[in-house]
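These notes are about the structure you will find just below.
The values are calculated or read from the model by the stated rules, or taken from the named source; none is laboratory data. Just so you know, these numbers come straight off a predicted model, no measurement behind them. Positions of Cβ are backbone-derived with ideal geometry, glycine not excepted, and every protein chain shown enters the neighbour counts.
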Amino acid sequence: MVWYIPGVINVNYVKCLSIVILLIGVGLPLSEIVWQEARSENAAPKDQIKEEIPLVDVEEVAAHPLRIGEKLTYNIKVSWVPVSAGERVDHIEKKMSFNRKNVYHITSQVKTGAVASRIHRFQNRQSTFVNTVGFYPLSFRNQLQDKKYRARVEIDFRDGEAEYKKISQNRQDEPEKRDKKVIETPFATQDELSMIYFLRCKKLVPGKTYFFPLISKAKVVKVTISVKQGEVLKVKGLGRVRTLRVRTSHGYQLWLTDDPRHIPVKIEAEVKIGKMKANLEKIEFIR
């Protein structure tokens, strides 16, 4: 492990920062924060397994739980690093018509901080169109730049299936790689951005376990989450708030405000280089 020395940009240090940005940038989870089933060898005996509730069947927190114009900015850090690794901004941009349905247009953008960008530039922009009834996606777009690597993913959802396309290029002087397939999908299958808002729109009860399907890396995976009562946190722009602590089957934790807004105020994950943290730094309601 190489430590940061003020005034010196260390390659190993910045490489670690870029890894963290990559973890946060492709899902909120951020895609390595994709929530998958725990490994079978760590599973509890059958008589100890809690009932898993389909999240699609859970009552919604309010008639209109998402606020148009909401913009959330997160600061991303690693436990042992003294400066910010990067920033994530999530924005409910507008309500509109898409394929003859009313949808929320939601975007998310992640980029490395000023120090990390000098050595390892990373940018990720996601966009999803979420049905205002049921909160499942109709279309998802993901654009990624990781140093010289570039990729674009497009997912168009239809009844019972989704058309998946990916175009990637390791370097500008290399040919593009193209992948296209049709994926069978259960009802209300989520993408890597819509899943956050799907979760936020549901009444979550401490002590309960929920699940929903998600498309990640061109396949459908089962996301399982357990909910507990969280602590009271002091959050910029919100003051002191009660929280719900959501733990995923892959070991990540997410703190939501314990109110109908369910605003994500904190995320933690144990990674190889230490504990990654993303804290809500700014909240705006832009009209």
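Restricting Tyr104, Tyr74 to those that are part of a strand (DSSP E or B), surrounded by 15 or more Cβ atoms within 10 Å (Cβ to Cβ), in contact with a Phe, Trp or Tyr (Cβ under 8 Å, 6 or more places away or on another chain) and at pLDDT 90 or above reduces the list to Tyr104. In region 247-265, of all residues being at pLDDT 90 or above and assigned to a strand (DSSP E or B), the one that is farthest from the chain's Cα centre (by Cα) corresponds to Thr257. Here is the figure for region 201-246: residues that are in a strand (DSSP E or B), farther than 30 Å from Lys166 by Cα and either of a type in the set (Lys, Arg) or touching a His at 6+ places or on another chain (Cβ under 7 Å) (or both) total 6.
The number of residues in region 266-284 that are modelled with pLDDT of 90 or more and over 16 Å from the mean Cα position of the chain (by Cα) comes to 4. In region 232-247, the condition of being within 19 Å of Glu52 (Cβ to Cβ), crowded, with 21+ Cβ neighbours inside 10 Å and of a type in the set (Val, Ile, Thr) is met by at least one residue. List pairs: first residue in region 134-163 and at pLDDT below 95 and basic (Lys, Arg), second residue crowded, with 18+ Cβ neighbours inside 10 Å and not in a loop (DSSP other than H, G, I, E, B) anywhere in the structure, Cβ distance under 8 angstrom, at least six positions apart or on different chains. From region 134-163, the pairs are Lys147/Phe122; Arg150/Leu144. When region 248-266 is filtered for residues that are small (Gly, Ala, Ser) and surrounded by fewer than 18 Cβ atoms within 10 Å (Cβ to Cβ), only Gly251 remains. Scanning region 223-258 for residues being out of contact with any Lys or Arg (no Cβ under 8 Å at 6 or more places or on another chain) and of a type in the set (Gly, Ala, Ser) gives a total of 3.
Got at least one residue in region 149-162 being of a type in the set (Gly, Ala, Ser), surrounded by 17 or more Cβ atoms within 10 Å (Cβ to Cβ) and over 17 Å from the mean Cα position of the chain (by Cα)? Give the steps one after another, and end with the answer.
Going through region 149-162, the residues of a type in the set (Gly, Ala, Ser) turn out to be 151, 160, 162.
Still in the running and surrounded by 17 or more Cβ atoms within 10 Å (Cβ to Cβ): 151, 162.
Now drop any that are not over 17 Å from the mean Cα position of the chain (by Cα), which leaves 151, 162.
Among the residues of region 149-162, at least one is of a type in the set (Gly, Ala, Ser), surrounded by 17 or more Cβ atoms within 10 Å (Cβ to Cβ) and over 17 Å from the mean Cα position of the chain (by Cα), which makes the answer yes.
Summed over region 155-189, the residues that are farther than 18 Å from Thr128 by Cα, of a type in the set (Asp, Glu) and not in a strand (DSSP E or B) give a count of 3. Remark: pairs (first residue in region 79-97, farther than 23 Å from Phe129 by Cα and of a type in the set (A, V, I, L, M); second residue surrounded by fewer than 20 Cβ atoms within 10 Å (Cβ to Cβ) and modelled with pLDDT of 85 or more; Cβ separation under 9 Å; 6+ apart in sequence or on different chains) = Ala85/Asn75.
In contact with a Pro (Cβ under 9 Å, 6 or more places away or on another chain) and within 30 Å of His64 (Cα to Cα): does that describe Thr132? No.
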